[in-house]
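The values are calculated or read from the model by the stated rules, or taken from the named source; none is laboratory data. Everything numeric in this text was worked out from a predicted model, so none of it was measured. Here the Cβ positions follow ideal geometry from the backbone for every residue, glycine too, while neighbour counts run over all protein chains shown. Please note that ligands, DNA and RNA were not included when accessible areas were found on the heavy atoms of the full protein model with its side chains. Shrake-Rupley method; radii C 1.70, N 1.55, O 1.52, S 1.80 Å.
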Amino acid sequence: TDATSDRMGRFEMANKGTIFLDEIGDLDPSCQVKLLRVLQDQTFEVLGDSRPRKTDIRVVSATNADLAKMVSEDLFYRINLITIKLPALRERREDIPLLARHFADRQAEINNLPRTEFSSDALNFLSRLPFPGNIRELKNLVERTILVSGKEVLDATDFESQYQRHDESTSTASSFAGMTLDEIERQTILQALERYKGNLSQLGISRAALYRRLEKYDISDK
């Protein structure tokens, strides 16, 4: 309300195009009313201006919840014109090797790392996991294993040593928010050392590679 200059909002920016609303089931009731007005009347009001503005947009929304129970009936039928159900990762296991390859290549590109390969038993291990956290869980596991192992070819034991149950992986992912690559790698090594009580043979990484990282991050294995 103390804005000193105009700023274009999302619906105004999306005019004549498409707007994507993620986790729409989490929208609070007051915002649901405002969204319903946009969808019904194709109008909205800018903060501080009572004059309605027109917008012509396509709305694409996503949720992993039971949307009929999360939003008002009017809004549900407005946004539920065409429904596309994306199966959980465990229901399309043939995609797991392709996604793992994509995440590994992105990790190498973003962080200027050498390309990581997967052995056949590594891909078989990944394909058998339940992945209650879906694609985000697979991405987290692939990136964490690459960082900790430091190997050019990953096998099943590398992933097995880094695999965490759903409750563990959720807390780990949130603890890494906002951290740099080096900070994530250091924290991952500390967590692994604590998990295996300092037993270096259980970390899924060669002693030489581990000692280089311990020295780099000034970590004691005692």
Q) Any idea of the accessible area per residue across region 1-118, 1.4 Å probe, to the nearest Å²? A) 75
Q. Which semi-axes, in whole Å and largest first, does the equivalent ellipsoid of region 106-153 have when worked out from the alpha carbon gyration tensor as the square roots of 5 times its eigenvalues?
A. 19, 14, 8
Q) In whole Hz, what ³J(HN,Hα) sequence does region 85-102 give by Karplus (6.51, -1.76, 1.60; θ = phi - 60°), x for Gly and Pro? A) 8, 8, x, 4, 4, 5, 9, 9, 5, 5, 7, 4, x, 5, 5, 4, 5, 4
Q: State which entries of 34/54; 151/216; 16/85 exceed 23 angstrom in Cα-Cα distance in the structure shown.
A: 16/85
Q | Efficiency of FRET from Cβ geometry, residue 110 and residue 157, R₀ 22 Å, rounded to 0.05 | A | 0.30
Q | Point-to-point label distance, residue 117-residue 43, nm (Cα→Cβ direction, 7 Å offset) | A | 6.5
Q: Taking the Cα centre of region 37-146 as origin, sum charge times position over the Cβ atoms of Lys and Arg (+1) and Asp and Glu (-1), and report the length of that vector in debye to the nearest 20.
A: 20
